[in-house]
């Protein structure tokens, strides 16, 4: 996974982003929650548990030891590992969540195939990401060399993510979007809208065929 060392070294800076951008964080949470199903789930790339904990997800996988340590303080059962080789049994989960993780994957196709493997038939894969075609996505890509986290990241458009999901055996898809203005211009929590193409943060849910 690209940038694991950066997350180990900069976990405090990672946490500070959520403190500096509470309106964006809550907007993203609302968008993910709209598409998150019930049942037994796992967050892949659980980080410090910023999404898993408020969403009621108690299991996660995380390659960064420093990040995983903070997630465990939130009572999340975190195991070390990467998305391309999930340490779980076939058909173990009702859903899997991946938030702002896809841009760090070494091989998204292999990772999505692994998610397909560990989901039950009809299970849901929910992916939240910054759309590379959006204002925020273009800004991140433009300044990625100066970022402690995004230097080695690969940003994807909503269409590209849908293509990778389709190839891995997921569909049909449902989209949500939020973050419709620059983060420093937010004065309240942004709404969540159906579809994609307007908001910088996009969530897509695909069903395991």
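Just subtract the alpha-carbon distance of residue 187 and residue 110 from 0.36 nm times their residue separation and send over the number in nm, one decimal. Numbers along the way, then the final one.
On the way: separation 77, 0.36 × 77 = 27.72 nm, distance 3.96 nm.
This chain segment gains 23.8 nm when fully extended.
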Listed with the fewest Cβ neighbours within 10 Å leading, 198, 28 appear as 198, 28
Relative contact order (percent) for the chain, with alpha-carbon contacts under 8 angstrom and 6 or more residues of separation? 24 percent
By counting other Cβ atoms within 10 Å of each Cβ, how are 115, 11 ranked from fewest to most? 11, 115
Distance between modelled label sites at residue 89 and residue 9, nm, 7 Å Cα→Cβ extension: 4.1 nm
Everything considered on the Cα gyration tensor (a ≥ b ≥ c; rounded for a/c under 1.5, else prolate if a/b is larger than b/c, else oblate), the range 39-183 must be described as oblate
So what is the calculated 222 nm ellipticity per residue for the chain, using -39500 (n - 2.57) for each DSSP H run with n of 4 or more, over all residues, to the nearest 500 deg cm²/dmol? -10000 deg cm²/dmol
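Any read-out appearing in this document is the output of simple, stated calculations on the displayed coordinates, not a laboratory observation. Quick caveat, the model's predicted, so the values are computed rather than measured. Quick reminder, even Gly has a Cβ in these numbers, built from the backbone with ideal geometry, and neighbours come from all protein chains shown.
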